[in-house]
1. All but one of (1) open to solvent by less than 80 Å² (accessible area, probe 1.4 Å); (2) among the charged types (D, E, K, R); (3) more than 13 Å from the chain's Cα centre (by Cα) hold for LYS140; which doesn't?
2. Applying the selection to region 138-154, what residues are hydrophobic (A, V, I, L, M, F, W, C), part of a helix (DSSP H, G or I) and in contact with a Ser or Thr (Cβ under 9 Å, 6 or more places away or on another chain)?
3. In this structure, does ALA92 turn out to be open to solvent by less than 90 Å² (accessible area, probe 1.4 Å) and in a strand (DSSP E or B)?
4. May I ask you to say which residue of VAL132, VAL108 is open to solvent by less than 30 Å² (accessible area, probe 1.4 Å), over 28 Å from VAL28 (Cβ atoms), among the hydrophobic types (A, V, I, L, M, F, W, C) and outside any helix (DSSP H, G or I)?
5. I need a count of the residues in region 114-126 that are open to solvent by less than 60 Å² (accessible area, probe 1.4 Å), free of Cβ contacts under 8 Å to residues at least 60 places away in the same chain and farther than 10 Å from VAL165 by Cα.
6. Among the residues in region 5-19, are any within 29 Å of ILE166 (Cβ to Cβ) and touching a residue at least 12 places away in the same chain (Cβ under 8 Å)?
7. Can you give me the number of residues within region 74-124 that are of a type in the set (Phe, Trp, Tyr) and within 26 Å of ILE146 (Cβ to Cβ)?
8. Please go through (1) outside any helix (DSSP H, G or I); (2) under 20 Å from ASP46 (Cα atoms) for ALA122 and return the number of the only condition it doesn't satisfy.
Amino acid sequence: MQNENQSITAELIPPNALDIITRGEIDVQISTAHRFPRTLSKVKADMLSFATLDQETAESCFYSLPRGGKNIQGPSVRLAEIAVSCYGNLRAGSRIIDTVTTGDNPHVTVQAVAHDLEKNVAVTMEKRRRIVGKKKNGGKIDEDDINLAANAGAAIAFRDAVYKVIPMALIKPVY
């Protein structure tokens, strides 16, 4: 049992120049978001307008993958990009945080973030994507295989983070 009079000391790490700049940028973006709030009816209309720009764009707004004898369907990363563009007051992106190319389980781990600056809702998603070597290379992993897995993982993580922040009530009618 810990004594109530004991205190825990934590080392304070002073912010560096990059931390100060980043915080300042985000503070300005939040202030701007509060001065110019989004109008949901306009967001929805803009998303629908973008998604139906032409046949190719409309088709890119959903995906369909065969899995276990069934087709899994859903709104795609392209629709997420449209949603981010139209929703406004939102920061979103993805980055690679780990790559393992040796051993029995080669993979890449990607992290994506979506931050609604107006409502102060932020979501971080991590996705792990297996790296598979091409059959023509005897299953040996090359740079192209790594990039393919990283890009696919980044797109999936980005899509999932965006759909956690932008309400499905706006996404579904466009989908």
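The values are calculated or read from the model by the stated rules, or taken from the named source; none is laboratory data. Just so it is clear, the model here is predicted, and its values are computed rather than measured. We place every Cβ from the backbone using ideal geometry, glycine too, and count neighbours over all the protein chains shown. Keep in mind that these areas ignore ligands, DNA and RNA; they rest on the heavy atoms of the full protein, side chains included. Shrake-Rupley method; radii C 1.70, N 1.55, O 1.52, S 1.80 Å.
1. (1)
2. From region 138-154, those hydrophobic (A, V, I, L, M, F, W, C) are 141, 146, 148-150, 152, 154; that's our starting set.
From the residues that got through so far, the ones that are part of a helix (DSSP H, G or I) too are 146, 148-150, 152, 154.
Matches in region 138-154: ILE146, ALA149, ALA150, ALA154.
3. Yes: the conditions hold for ALA92.
4. VAL108
5. Adding up the residues that qualify gives 1.
6. So far as region 5-19 goes, no, none of its residues is within 29 Å of ILE166 (Cβ to Cβ) and touching a residue at least 12 places away in the same chain (Cβ under 8 Å).
7. Matching residues across region 74-124 total 0.
8. It fails just one condition, (2).
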